[in-house]
Amino acid sequence: MSTTITLTINGIEQPVAVELGESLLEVLRREGFTSVKHGCDTGDCGACAVLLDGDAIDSCMILAVAADGRAITTVEGLETDGRLHPLQEAMIDAGAVQCGFCTPGTVMSGIDLLSRNADPTEDDVKAALAGNLCRCTGYVKQVDAVLAAARVMKGGPDVGSG
Amino acid sequence: MSDPVDSQGFAVVGHNEPKVDAYALATGKPVFAGDVNHDDALHIAFLASKHAHARIASIDTSRAEALDGVALVLTHENTPATMYTTAGQGYPEPSPYDTRMFNPTVRFVGDRVAAVAAETPEIAHAATKLIDVTYEALPAVLSIDEALAPDAPIIHGEETATGIHDAAHNIVSVVNVDIGDVEAGIADSAVVVDTTCETQYAQHVPIEPHVVQAYLDNDGRLVLLTSTQVPFHVRRIVARVLDLPVHRIRVIKPRVGGGFGAKQEILLENVTGLVTLRTGRRAIAELSRPEEFVSSRTRHPMRVRVRLGAREDGTLRAVDMEVISNTGAYGSHGLTVMSNAGSKTLPLYNRAPDVRYHGRTVYTNLPVGGAYRGYGATQGYFALETAMDELAAKLGMDPVEVRRLNHIRVGETSPIFAAIGEGKPGVEQTVGSCELERCLDIGAEEIGWADKRGMRYRDGPWVHGVGMSIHMQGSGIADVDMGAATIKMNDDGSFNLLIGATDLGTGSDTILGQIAAEVLGVPLAKIVVYSSDTDMTPFDVGAYASSTTYVSGNAVRRAAEEVRAQIVAVASAMLEEDPDGISLDDQHAIGASGERVSLEEIALRSLYGTDQQQIGATASFVGDESPPPFLASFAEVAVDVETGQVRVLDYVAVADCGVAINPHAAEGQVEGAIANGIGYALTEEMLFSSHGRVRNPTLFDYKIPAAPDLPRIRAILVDSYEPTGPMGAKSVAEIGINAPIPTIANAIYDAVGVRLKNSPFTAERVLAALDAAT
Ligand code: FES
Ligand code: FES
């Protein structure tokens, strides 16, 4: 059974044909949003995280039809005027991108945190990334990147992360 | 011109250049094998065995084939019977040829019975349920002890298998090395310890599971776009199994979402390729997370016994290691992982005149072992470094001091280097760089060793302790691994660097680019790095055995030096100066007079002007040794004496990897390896039902560390210079994973006085050990 829903993806409202049982993850990938990764399908890895009305969620855990009428942000929607989001910049500069498969999901969770807490502690960051598994980095440089991005977004100097 | 690049004052090497692929990855570009979307692709699903050991009496695929949307069903009845190994190793592979694409006998729960290719993944999965299989159950072997029992069922009785040491007794491989007389050495020792440690089944858990796309190009050649660590081995092995000439196959490795050894294996390429050859259509196969756990590859569980004999002053007199490795149902990497449990550990303590290494690998009806970061050294170090800690306790000495007395040093060797290789004898070598003493100094200082050891600080039920261990690994397989690189110059003075070396997320494209940039006097941005594509890049064995920085890096350095010589020759004509006085810097050739000509001018002249030629070169490198990196590892843990829970409070890993070409990347390798090792030490374990079924094949039930589970891992790189390395570099990617199990075990002992000898150290195991001690 298929139906047509309306999704606002990265600011563009669009009709999308979906199957009733399809997850939002499947639909986003089929529509070409390949930043949304498929790592487990059970809500355990966070590689599929997107912002749904501003909150980070695992897109494999929600049916596409449940997102009808709602706004989704993926990593593809973060660049403004040719500039990356400060967290993307910080991830690159901190050396936090190894294989990069977890990076988009981690960036989404980080942005969700920074939208709620402009001045997070290291423990705040770790808690925010708890649902984004990374097998490459040991999280050290990812946490540094989120903290560095917070400094940049507050307008302070990016004092770097070592 | 033998050493044209000074070890001091690098312009690009030693700097934290952002990874060359970081922008594409951070912006989510479609760079992974599963990202390319094609509506017309066939999707492949697998039917897995529910039996640990059974003969397929009959298999009927007619109901599956009749399902609307099914294009093809593959079983052992309609696929090649060629025997091969899935291990992606050099030719001839040192693993037995003990499998077919589909075997008529299934040997573990999860073994491949059939594959369906269909228009959608859903149809393919539905069709697997319509395949009617009649099994004739066979007795199963579910442990090392059962495999070695006198009347054990034979797992590989098929006559077509080759390369098995003793199939009738389930023994895949044996390595026996005796140096001196270890029994006499033990008898002659003032202090002896005898310890046996056992490691568990664990999985790599790359966040990107295995994924392959296959299609035919316009000339009808088979193209495999695959998440692999070994593109050239994939091409060779697929060609043999599918009976195609090598030149009819092209293997492209895009970005890889982590491998850790799991992707040093030919698992999906044969099947996906065959679907495309039979149907003419694009096909995609992607393992689900449970399939990744059960049906891909695992770390070989091992039982390792170590006996150490020492003189009264603490110097080792005799070292004896006995290993039994469980390779599961197939012998992938069975010999070499077991060999490395000794070859990568025993040379570390080269003081003992009497050394023995006896190892065996056995088959069981359990999931299949494979390459996994650390590659046997991880398992060997658990027992060796536990035994060293016990020895220190028996001698009443500081564990750090016992290591200092006994570890190998610059200018020294060990007979083990030559005695144990990978499928053949190893290679003699003398250690050219070793900063282990400074690693120990720094690590002890950072963790607060002197203040904390033996103090048993108590905070409610939590008791604190500190532990340590030391390690070495290698840098490639000496005399076996070959890497090659091609560099060509473009109009604007930029260069293409084409490498078979296989970046699987480690950053090797970046550090190899940095090496080329350093030699050629250009910024990294002027090096366009491309890896790996069997049509486009020169050969490289691939990313394993900690080979890339050293082996491929030396190939890149050589190629860059040849290109540099060509550039200098052109510059010499242009500047009318002696080539010996010309150097490359800041994108210019600079003569002794100070006159300069830009690389762009040199390129334009070469391509369009006088003495026209493509400036470029291909160079190869094979290591005639494998310089070990070293690591000193320290941890502070807290043990809850009421629940048995263990928390890692602080972790310091101090590494000597030679010159770190890119410190961020090198630190990242250590941090990631330690994190993986902490998971392996505390929580990660594949659990089995009494019938050999994996009970926890999900990321919910198989717990890998998340950010809040870990302390801030402190990776420290010491200054070091490896004379044979490219720009002084050695490997760094694997060594860290060996450290957490013994380090944490020794810290638990320091805290609560019990020795944990079975990993992982779950609360239940720790509590049981505490109960047994009281
Ligand atoms: S794919 Fe959604 S959480 Fe793993
Ligand atoms: S960078 Fe590879 S999984 Fe996080």
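The values are calculated or read from the model by the stated rules, or taken from the named source; none is laboratory data. These numbers come from a predicted model, not from an experiment. Cβ sites come from the backbone with ideal geometry, for glycine too, and all protein chains shown count toward neighbours. Note: areas computed on protein heavy atoms with side chains; ligands, DNA, RNA excluded. Shrake-Rupley method; radii C 1.70, N 1.55, O 1.52, S 1.80 Å.
Please give the contour-minus-distance gain from A:Met1 to A:Arg83: 0.36 nm per residue of separation, less the Cα-Cα distance, rounded to one decimal in nm. Intermediate values should be presented prior to the final figure.
On the way: separation 82, 0.36 × 82 = 29.52 nm, distance 4.07 nm.
The span from A:Met1 to A:Arg83 would gain 25.4 nm if fully extended.
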In whole Å, largest first, the alpha carbons of the stretch B:518-623 cover along the principal axes 46, 26, 23
A correct Karplus calculation of ³J(HN,Hα) over the stretch B:672-680, with 6.51 cos²θ - 1.76 cosθ + 1.60, θ = phi - 60°, whole Hz and x for Gly and Pro, returns x, 5, 5, 4, 4, x, 5, x, 5
In the stretch B:106-197 the accessible area split gives carbon plus sulfur, as whole percent at 1.4 Å, a share of 54 percent
Extension length gain for B:Ala592 and B:Lys129 (0.36 nm per residue less Cα distance), in nm, is 159.1 nm
Contour minus Cα-Cα span, B:Asp771 to B:Ala565, at 0.36 nm per residue, comes to 67.2 nm
Counting all Cα-Cα pairs in chain A, those more than 27 Å apart amount in percent to 23 percent
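Provide, as a two-decimal number, the C-alpha radius of gyration of chain B over 2.2 N^0.38 Å, N being how many residues it has. Kindly include the intermediate steps, with their values, before the conclusion.
Details: Rg = 26.8 Å, N = 774, 2.2 N^0.38 = 27.6 Å.
For chain B, the normalised Cα radius of gyration is 0.97.
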Scoring chain B by relative contact order with C-alpha pairs under 8 Å, at least six apart, yields a percentage of 15 percent
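Work out the mean other chain Cβ neighbour count within 10 Å for the residues of A:32-39 and drop it here as an integer. Spell out each step's value before the answer.
Details: counts 3, 2, 9, 7, 1, 7, 10, 9.
Mean partner-chain Cβ count within 10 Å for A:32-39: 6.
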Sorted largest first, the Cα spans of the stretch A:86-153 on the principal axes come out in Å as 28, 22, 17
In the stretch B:10-56, the residues losing 30 Å² or more of accessible area (1.4 Å probe, heavy atoms of protein chains only) relative to their chain alone are B:Pro18, B:Lys19, B:Ala22, B:Tyr23, B:Leu25, B:Ala26, B:Thr27, B:Gly28, B:Phe32, B:Asp35, B:Asn37
Nearest-0.05 FRET efficiency for B:Leu649 and B:Thr196 at R0 = 22 Å, using Cβ-Cβ distance, is 0.15
Here the FRET efficiency for B:Thr82 versus B:Thr279, based on Cβ atoms and R0 = 35 Å and rounded to 0.05, is 0.95
Any residue on another chain or 5+ positions along whose placed amide H is under 5 Å from the amide H of B:Leu72 is listed here as B:Ala117
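Please state, as a whole number in µm²/s, the translational diffusion coefficient that the Stokes-Einstein equation yields for the stretch B:571-658 at 4 °C and 1.567 mPa s, with Rh defined as the Kirkwood radius across alpha carbon pairs.
On the way: Rh = 18.8 Å.
Answer from the Stokes-Einstein relation: 69 µm²/s.
Provide a whole-number value for the mean count of partner chain Cβ atoms within 10 Å of the Cβ atoms in peptide A:100-108.
Working: counts 19, 13, 6, 7, 4, 2, 2, 3, 0.
Partner-chain Cβ atoms within 10 Å, mean over residues of A:100-108: 6.
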The stretch A:86-153: relative contact order from alpha carbon pairs under 8 Å, six or more residues apart, as a whole percent, is 54 percent
Asserting the computed 222 nm helical MRE of chain A (DSSP H runs at least 4 long, -39500 (n - 2.57) per run, divided by residue count, to nearest 500) equals -9500 deg cm²/dmol
By the mean-Cβ-within-10 Å protection proxy, highest first, B:250-260, B:460-470 rank as B:250-260, B:460-470
For A:Ala118 and B:Val174, extending 7 Å from Cα along the Cα-Cβ vector and measuring point to point gives, in nm, a value of 7.3 nm
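Can I get the semi-axes of the stretch B:270-343's equivalent ellipsoid? Compute them from the C-alpha gyration tensor as square roots of 5 times the eigenvalues, in angstrom, largest first. Can you show the working numbers first?
Values: eigenvalues 411, 28, 18 Å².
Value: 45, 12, 9 Å, ordered largest first.
Can you name the helices of chain A, as whole DSSP H runs, whose Cα span along the helix axis is 18 Å or more and whose Kyte-Doolittle mean is not below -1.0?
For chain A, where a helix must reach 18 Å along its axis and average at least -1.0, the hits are A:103-116, A:140-153.
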The aspartates and glutamates whose Cα lies under 14 Å from the Cα of B:Lys757, excluding any fewer than 8 residues away in the same chain, are B:Asp194, B:Glu198, B:Glu385, B:Asp389, B:Glu390
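What is the average number of partner chain Cβ atoms found within 10 Å of a Cβ in A:40-46? Before the final figure, lay out the partial values.
Values: counts 10, 5, 7, 2, 9, 7, 3.
What the average comes to for A:40-46 is 6.
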Of B:509-522, B:116-129, ordering from highest average Cβ density within 10 Å down gives B:509-522, B:116-129
At q = 0.08, 0.10 Å⁻¹, the log10 of I(q)/I(0) for the stretch B:381-525 from a Debye sum over equal Cα scatterers comes to -0.43, -0.63
HN-Hα couplings for the stretch B:278-285 via Karplus (6.51, -1.76, 1.60; θ = phi - 60°), in whole Hz with x for Gly/Pro, come out as 6, 9, x, 10, 5, 9, 9, 10
Packing-ranked peptide list from B:704-717, B:654-667, highest mean Cβ count within 10 angstrom first, is B:654-667, B:704-717
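If you count only protein heavy atoms with a 1.4 Å probe, what accessible area per residue comes out for the protein assembly as shown, rounded to a whole Å²? Provide the component values of the computation, followed by the final result.
Working: 31390 Å² over 936 residues.
Computed with neighbouring chains in place, this is 34 Å² per residue.
Using only Cα atoms, what is the ratio of the radius of gyration of the stretch B:480-567 to 2.2 N^0.38 Å?
Values: Rg = 11.8 Å, N = 88, 2.2 N^0.38 = 12.1 Å.
Working it through for the stretch B:480-567, the quotient is 0.98.
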In whole µm²/s, the translational diffusion coefficient that Stokes-Einstein assigns to the stretch A:2-75, given a Kirkwood hydrodynamic radius over C-alpha pairs, 20 °C and 1.002 mPa s, equals 181 µm²/s
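Starting from the alpha-carbon convex hull of the protein assembly as shown, give the projected area averaged over all orientations, in nm². Could you put the intermediate results ahead of the total?
Values: hull surface 157.1 nm².
Mean shadow area of the hull around the Cα atoms is 39.3 nm².
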Checked against a 23 Å limit on the C-alpha separation, the offending pairs among B:Lys488/B:Lys730; B:Lys129/B:Lys253; B:Lys394/B:Lys452; B:Lys50/B:Lys129; A:Lys126/A:Lys154; B:Lys344/B:Lys730 are B:Lys488/B:Lys730; B:Lys129/B:Lys253
For B:Leu497, other-chain or 5+-apart residues with amide H closer than 5 Å (H placed, Pro excluded) are B:Val528, B:Val529, B:Tyr530
Calculated from DSSP helices alone, with each H run of at least 4 adding -39500 (n - 2.57) and the total divided by the residues of chain B, [θ]222 nm to the nearest 500 comes to -8000 deg cm²/dmol
For A:Ala17 and B:Ser689, extending 7 Å from Cα along the Cα-Cβ vector and measuring point to point gives, in nm, a value of 4.1 nm
On complex formation of B with A, accessible surface lost, both sides summed, probe 1.4 Å, nearest 100 Å², amounts to 3900 Å²
Compactness summary of the stretch B:220-353: radius of gyration and Dmax from Cα atoms, Å, are 20.9, 72
Under the Karplus relation with 6.51, -1.76 and 1.60 and θ = phi - 60°, whole-Hz ³J(HN,Hα) for the stretch B:445-456, x at Gly and Pro, equal 5, 5, 7, x, 4, 5, 7, 9, 5, x, 7, 6
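Apply 1/(1 + (r/R0)^6) to the Cβ-Cβ distance of B:Asn696 and B:Asp188, taking R0 = 56 Å, and write down the FRET efficiency to the nearest 0.05.
On the way: r = 47 Å, r/R0 = 0.85.
The pair B:Asn696/B:Asp188 has a calculated efficiency of 0.75.
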